[in-house]
Amino acid sequence: MKRSLTGLLLVLTTLLGACGYHLRGVGDSPLAIKELDLNARDAYGDLVKDVGRMLESRGVRVYDGAPYKLVLAKESNIQTAASYRGSSVGAEYRLISTLDYEIRDGENLLLRSSRLEAEKYYVLDNNNLAGSNQESDRLRKEMRHDLAQQLVMHLQLLDGAQLAKLQEKARAEAEAKAQAQAAERAPKASPVPVIPLLQR
């Protein structure tokens, strides 16, 4: 019975894959944002290249001056020791990559900001340092790809109505801030002096 169920699942998986079926939110669904200005501190970095390629593969036109701007604000890579396995073996390390991003409109108003994270583990083999370094580089590349995929999936969740609401909220906040700043800069009226009444 178990074998029959396993076989059936394998057949169904193969058929669904052959038909091009994807789980909701995981496939190559089109994005509501059709045009994006992609910005990053490292404009020629591998991450911005990966993100640009993924966006274009989803039908997004990436160019300077687009109605919406995607800013890769900060990317960081950290390596920490996870466990020690003895001097002859080496140590296990945890690799963490994070990405802070922002979505802005054509007026440069901040619509949304968030942080993405990816992590992997690898063992630094004291007897094969070259191989360990290659493994670390390979994992870094995978994590960068994971961050790019997460980012595109976040964008995929935004529809036209949500973008309009975010834009309206950002404009209201900007106007309120501008009014508060104007009120602070406005000269304050000097108090009217009180003249005491003369007693007869």
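Could you check region 43-58 and list, in sequence order, the residues that are surrounded by fewer than 11 Cβ atoms within 10 Å (Cβ to Cβ) and either farther than 19 Å from Glu102 by Cβ or not aliphatic (A, V, I, L, M) (or both)? Even if it seems obvious, please write down each step before you answer.
To start, the set of residues in region 43-58 that are surrounded by fewer than 11 Cβ atoms within 10 Å (Cβ to Cβ) comprises 43-44, 57.
Hits for region 43-58 are Tyr44, Ser57.
One residue is enough: does region 146-167 have a residue meeting the conditions in a helix (DSSP H, G or I), charged (D, E, K, R), at pLDDT below 95 and more than 23 Å from Asp50 (Cα to Cα)?
So the first thing to find is which residues in region 146-167 are in a helix (DSSP H, G or I), and the list is 146-156, 160-167.
Of the ones still in play, those that are also charged (D, E, K, R) are 146, 165.
Applying the additional criterion that residues be at pLDDT below 95 yields 165.
Now drop any that are not more than 23 Å from Asp50 (Cα to Cα), which leaves 165.
The answer is yes; a qualifying residue exists.
Within region 138-162, which residues are among the small types (Gly, Ala, Ser) and buried (at least 16 other Cβ atoms within 10 Å of the Cβ)?
The first filter runs over region 138-162 and keeps only residues among the small types (Gly, Ala, Ser), leaving 148, 160-161.
Passing the criteria: only Ala148.
Are any residues in region 117-133 modelled with pLDDT of 90 or more and either open to solvent by less than 60 Å² (accessible area, probe 1.4 Å) or within 17 Å of Asp46 (Cβ to Cβ) (or both), and if so, which ones? Give the derivation first.
Quick first cut of region 117-133, residues modelled with pLDDT of 90 or more only: 117-121.
Within region 117-133, Ala118, Lys120 meet the criteria.
Taking the condition more than 30 Å from Glu35 (Cα to Cα) and of a type in the set (Ser, Thr, Tyr), does Ser132 pass?
Yes: the conditions hold for Ser132.
The values are calculated or read from the model by the stated rules, or taken from the named source; none is laboratory data. All of these numbers come straight from a predicted model, not from anything done at the bench. Every residue, glycine as well, gets a Cβ built from its backbone with ideal geometry; the counts of neighbours run over all protein chains shown. Side chains are part of the model used for accessible areas, which takes the heavy atoms of the whole protein and leaves out ligands, DNA and RNA. Shrake-Rupley method; radii C 1.70, N 1.55, O 1.52, S 1.80 Å.
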